Amino acid sequence: MFSRRGFAALLLLSFTIPGLAGRAAEAAPDAVFLGGKVVTVDADFRVREALAVRDGKIVAVGSTAEIRALAQAGRTQVHELGGRTVLPGLIDSHVHAPAAAVFEFDHEIPAMETIQDVLDYIAARTRIVPEGEWIQTQQVFITRLREARYPTRAELDAVAPRHPVNFRTGPDNMLNTLGLKKCGFDRAWQVTDGGPGYLEKDAAGDPNGLARGLGRFIPGPKLRKPTPADHEARLRALLLDYNRSGFTAVCDRGASPESIRYYGNLRERGELTVRVSLSQTFPTVGALESILWAIDRIAASPLRRPDPWLHLIGTKIWLDGGMLTGSSYMLQPWGRNENYGIRDDTYRGVLNVPPDRLRAMVRRVAGHGLQFTAHAVGDAAGTELMDAYEAVDREIPLRGLRMGVTHSNFMTRELIERTAKLGVALDIQPIWLHLDARSLVQQFGYERLRYFQPLKSIFASGGKAGGGSDHMLKIGDLRAINPYNPFLAMWTTITRRAKWHEGQIHPEEALTRREALEFYTRHNAWVIFREKEIGSLEPGKQADFIVVDRDVLACPIDELRETQVLATWVGGREVYRRAAR
Ligand SMILES: [Zn+2]
């Protein structure tokens, strides 16, 4: 095997070789890549040795001898792969890049895996934030903490006696004593605005610090705000980190007019290094007429025209709550849970949009020929969504529109078949299985997870699904929330192994390596309507590919998750190369 240094040197020593006499310069490739293991992920999953690129597109794949023969002196760059594995550029079906990129604009936020990590972070902030001003943590999911519980009011007081503190997660907030005081939350406090929420009380009837659904009454911290130029610079840095992680295309599943402007400006300046597809959001509360008007506005977007870099594919709404906040909408009751404050044995979670309104939205989006998708974590949310799709399908055929179910974590045998039958595009996050199965097993028991991310069954039924991260906060493939390292995600689909959990989570749903690669390449290309352009290494497609440091088809399975990307090419241009060590 070649060392990393050797590989880098070989790539640097790109050179031109004598071509075949008489070949027209017009027909010669701009570059050839020889002597590798080129995993094409075409329909037959062929593995070749070499590929040729011209004008940003792949013009040939084949043996090293075949491709070398295409090269022409003075015209073709020759890259020796040194036996390395080449994969199609990976695709993430679900990111929130613009917001994630600026989450740490004010200050760096460390990973928090334990209650002590949380307290250390808050203690560090007390040395920077002026006394009396708010300190807040955001989206530190309690079920992802080792102890799987909230920090207590007393613990927060001990590290921050002179700052109001808000440990914010999902719809709930744990406050310290000064935080309660600043909000006026005392034993007599009541909700008077007609909205949701309540204060948890201790045995003596005093607030214990946990404010449920009351975020609207709690002020946020004072943080430095990014300018539009800051937004764009950070977004560009994040896209380069996606390249470093192996991605050449992503789908933003929550685009807003503001975030689309940032992408658009990068596109204008030729600074996009990742192809971006957009699912734009619209409000789902208020008068139905204004909602439908918002859909019409999205449908009029100039970004619907085909474009290799930035393309609007449809809309996205949030249909239910989350599985990390006790609010995904389930067919069976959730069961009691003190962390989430669930004490009602019949509680099944939260549905945000009633069925008749959902149908009206789907009908409007489909009428415009756009993909509709909805955040639907629980099996009851998935069922509501499929009910709506099937109802609208009787008026407007939906198969070609690739309607989406986003997350689709909890499924049933019936849902798997219904989604396959209607040609629905599932957008699934394996990292949730890895990070959250421990607490899900505790909550629901192992059997109720039988169809949790049932990838094997989905593909066996002819269904379509693409892998995504739901990356929403921070930059860094493993430190981000959610982590977007695609090799960890693929490893999870193959091993069905979860952090802090012994054994596998329903290994009968495990994918093969081939299926895991397809999940992050050709299937995702289909999910985002780019299957003719990307997703495999075939003549006519974009020259989007990555060179990795190991043979992902043959390495010991636990080494797959450690895979490093050595180089990333998008449209025939190298956008990332790992520094030689
Ligand atoms: Zn999301």
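Any read-out appearing in this document is the output of simple, stated calculations on the displayed coordinates, not a laboratory observation. These figures come from a predicted structure and were not determined experimentally. For neighbour counting, all protein chains shown are included, and Cβ atoms are generated from backbone atoms with ideal geometry for every residue, glycine included.
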| If the cut-off is 17 Å between C-alpha atoms, which lysines fall inside it for Lys421, apart from same-chain ones fewer than 8 positions away? | Lys456, Lys464
| Under a point-charge model restricted to the Cβ atoms of Lys and Arg (+1) and Asp and Glu (-1), what is the dipole moment magnitude of the chain relative to its Cα centre, in debye to the nearest 20? | 900
| Just how large is the dipole of the range 114-217 about the Cα centre, in debye to the nearest 20, putting +1 at every Lys and Arg Cβ and -1 at every Asp and Glu Cβ? | 140
| remark: For Met386, Met403, ascending order of other Cβ atoms within 10 Å (fewest first) is Met386, Met403
| said: Once each part is reduced to its C-alpha centroid, what is the distance from the range 324-354 to the range 266-320 in angstrom? | reply: 31
| message | Output the 0 to 90 degree angle, nearest 10, between the alpha-carbon long axis of helix 228-245 and the longest principal axis computed from the alpha carbons of the chain. | response | 60
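Using only DSSP helix segments of four residues or longer, with each worth -39500 (n - 2.57), what per-residue ellipticity at 222 nm results for the chain after dividing by its residue count and rounding to 500?
It lands at -8500 deg cm²/dmol.
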| Which GluC sites (Glu not before Pro) from the range 389-468 combine a DSSP loop assignment with at most 14 other Cβ atoms within 10 Å? | Glu395
| field | Sites His368 and Glu559 - FRET efficiency at Förster radius 56 Å, r taken between beta-carbons, to 0.05 | value | 0.75
| task | Can you list which of the trypsin sites (Lys or Arg not before Pro) found in the range 256-292 are DSSP loop residues with at most 12 other C-beta atoms within 10 Å? | result | Arg269
| field | Entries in Lys37/Lys499; Lys57/Lys532; Lys182/Lys225 that, when Cα-Cα distance is taken, lie over 20 Å | value | Lys37/Lys499; Lys182/Lys225
| Formal net charge of residues neighbouring Ile317 (Cβ-Cβ distance under 13 Å; K, R +1; D, E -1) | +3
| Taking Cα atoms, how many degrees apart are the long axis of helix 379-393 and the longest axis of the chain, rounded to 10 and kept between 0 and 90? | 60
| Neighbour cut-off at most 12 other Cβ (10 Å), DSSP loop, GluC sites (Glu not before Pro), the range 497-581 | Glu502
| Roughly how many nanometres apart are two label points built 7 Å out from the Cα toward the Cβ at Arg127 and Asp186? | 3.6
| task | Give the residues of the range 321-343 whose amide nitrogen is closer than 20 Å to a point set 7 Å from the Cα of Glu200 in the direction of its Cβ. | result | 321-328, 334-343
| Rule-of-thumb Rg ratio for the range 114-217 [Cα; 2.2 N^0.38 Å; N residues] | 1.03
| message | Debye calculation, C-alpha points only, no solvent: report log10 I(q)/I(0) for the chain at q = 0.08, 0.09 Å⁻¹, in the same order as the q values. | response | -0.58, -0.73
| note | Nearest 10, in degrees from 0 to 90: the angle of helix 486-495 to the longest Cα principal axis of the chain is 80
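Which net charge results for the neighbourhood of Leu351, defined as the other residues with beta-carbon distances under 14 angstrom from its beta-carbon, given Lys and Arg at +1 and Asp and Glu at -1? Each step should come with its number before you reach the end.
Numbers: positive: Arg348, Arg357, Arg359; negative: Asp320, Asp356, Asp379, Glu384, Asp387.
That works out to -2.
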| request: Please work out the C-alpha center-to-center distance from the range 466-493 to the range 523-581 and express it in whole Å. | output: 16
| said: Relative contact order for the range 114-217: what percent, with Cα pairs under 8 Å and sequence separation of 6 or more? | reply: 23
| field | Cα→Cβ-extended label distance, 7 Å offset, between Arg267 and Tyr446, nm | value | 4.9
| query | With labels modelled as points extended 7 Å from the Cα through the Cβ direction, what inter-label distance (nm, one decimal) is found for His107 paired with Glu417? | reply | 5.6
| note | Neighbour-count ranking for Cys183, Cys251 (other C-beta within 10 angstrom, fewest to most) reads Cys183, Cys251
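Averaging over all projection directions, find the projected area of the Cα convex hull of the range 228-534 and quote it in nm² with one decimal place.
With the hull built on Cα positions only, its mean projection is 15.6 nm².
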